[in-house]
Amino acid sequence: MSAEVAAAVDALRAGELVLLPTETVYGLAADAANAQAVARIFEAKGRPRFNPLISHVFDQAAAERIALFDDRARALAAAFWPGPLTIVAPLKDAAAVCDLARAGLDTVAVRAPSHPLARAVLAGFGRPVVAPSANRSGRPSPTRFSDAVEETGAATAVALDGGDCEVGLESTVVSVTDQVRLLRPGAITREELEALIGPLAEAEDDARRSPGRLAAHYAPEAPVRLNALEAQPGEILIGFGPVAGQFSLSPSGDLREAAANLFKLLREADRAGPEGIAVAPVPEHGLGEAINDRLARAAGKVG
Ligand code: TXA
Ligand code: MG
């Protein structure tokens, strides 16, 4: 174990917070079993307590110690872990993930991240680690170390620099209970999920099923306008494909590149202090569903 990973593991054991890089976005991590440590996360983020956290585990075996997996959950974990998929399943071990971390629900969200530093910390700690995105509540998730430090670094005992997050968007969240539902589109696309387990059930009452979907999220300071082909006076245009702007999500129209750039460019555009941020249209297929979901939230069109 490297010295920085050992320091992070010690901090988690002591009930302190750690800035943890994952392949999706930076997380603000704590011992899932320690209610006092988890309370610090809610405080540092200014996060409403009804919004539950994801428990990060090393692998499927560790996940199945805290959650009840059926054949579909097992198939999803086998196909996409370690990686950017979160599975919500019935809770098995209430002591391993404290009530506050689950917002009192009888389900638990679990994910095995693939980032080598996250994996090293999880292997060293040996128990579930809760980690919401490291932004203050309502702000874009940090995808760079410096952005993560700026958001919530002050609340952490150890901050691990894992470089830029490869995916750049939060994990896909699916619940596997009576049916399989997509609660949050993300890096693993609807198409990839359906190829494995067949058609997904319609997400019913979004807010009730995934409490985090209630609040407006991912919003920069400046108002965001979508499907823009050119900038209005005072606006910064973030382009995509043929629509060129001061920034571009991906000049070649590549959705993977666009996802990786999305939060970084929203932050950069916002730093310039424009009257508004205009964003070019992004197609809805594949990763586009998650990108458009985050853009709609940034524009205040959802929740
Ligand atoms: O990629 C990610 O998932 C990142 C990295 C750090 O792993 N984490 C992240 O956590 O995005 P957070 O807290 O920002 O988002 C977790 C989402 C929220 O929308 C929350 O409501 C939902 O997962 N969630 C957590 N537990 C749940 C549960 N038991 N039932 C339904 N939704 C749940
Ligand atoms: Mg978040």
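The values are calculated or read from the model by the stated rules, or taken from the named source; none is laboratory data. Not measured: the values here are computed from a predicted model. Note that each Cβ is placed from the backbone with ideal geometry, even for glycine, and that neighbours are counted across all protein chains shown.
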Requiring at least 3 residues that are within 30 Å of Ala195 (Cα to Cα), the helices (runs of 4 or more DSSP H) wholly within region 3-90 are 60-66, 71-80
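Residue by residue, here is whether (1) within 24 Å of Leu287 (Cβ to Cβ); (2) crowded, with 22+ Cβ neighbours inside 10 Å; (3) of a type outside the set (Asp, Glu) holds:
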| position | (1), (2), (3) |
| --- | --- |
| Leu17 | no, yes, yes |
| Thr24 | yes, yes, yes |
| Phe42 | no, no, yes |
| Arg49 | no, no, yes |
| Arg72 | yes, no, yes |
| Ala79 | yes, no, yes |
I want to confirm something. Restricting to region 168-199 and keeping residues that are touching a Gly at 6+ places or on another chain (Cβ under 8 Å) and of a type in the set (Val, Ile, Thr), which single residue is farthest from Leu85 (Cα to Cα)? Thr189
Any idea which of Ala67, Ala7, Ala35, Ala11 is away from ligand 1 (no atom under 13 Å from the Cβ), more than 17 Å from the chain's Cα centre (by Cα) and either surrounded by 19 or more Cβ atoms within 10 Å (Cβ to Cβ) or modelled with pLDDT under 95 (or both)? Ala11
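From the list Leu117, Leu122, which residue is under 16 Å from Ala32 (Cβ atoms), among the hydrophobic types (A, V, I, L, M, F, W, C) and assigned by TED's automatic domain parsing to the domain that holds Glu43?
Just a single option satisfies the conditions, and that option is Leu122.
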Give the number of residues within region 172-188 that are in a loop (DSSP other than H, G, I, E, B) and near ligand 1 (Cβ under 8 Å from one of its atoms). 2
Can we say Leu169 is within 16 Å of ligand 2 (Cβ to nearest atom), touching a residue at least 12 places away in the same chain (Cβ under 8 Å), of a type outside the set (Phe, Trp, Tyr) and not in a loop (DSSP other than H, G, I, E, B)? no
It is to be established whether one or more residues within region 141-163 are modelled with pLDDT of 95 or more, charged (D, E, K, R), over 26 Å from Ile66 (Cα atoms) and more than 16 Å from ligand 2 (Cβ to nearest atom). yes
Looking at region 118-137, which of the residues that are touching a helix residue (DSSP H, G or I) at 6+ places or on another chain (Cβ under 7 Å) and not in a loop (DSSP other than H, G, I, E, B) is farthest from ligand 2 (Cβ to nearest atom)? Gly124
Would you be able to say whether some residue in region 151-160 is near ligand 1 (Cβ under 10 Å from one of its atoms) and either in a loop (DSSP other than H, G, I, E, B) or crowded, with 23+ Cβ neighbours inside 10 Å (or both)? no
The residue from Arg119, Arg111, Arg136 that alone is within 13 Å of ligand 1 (Cβ to nearest atom), in contact (Cβ under 8 Å) with a residue 60 or more places away in the chain, surrounded by fewer than 20 Cβ atoms within 10 Å (Cβ to Cβ) and within 28 Å of Leu266 (Cα to Cα) is Arg136
State whether the residues of region 103-110 include one that is farther than 30 Å from Gly198 by Cβ, hydrophobic (A, V, I, L, M, F, W, C) and part of a strand (DSSP E or B). no
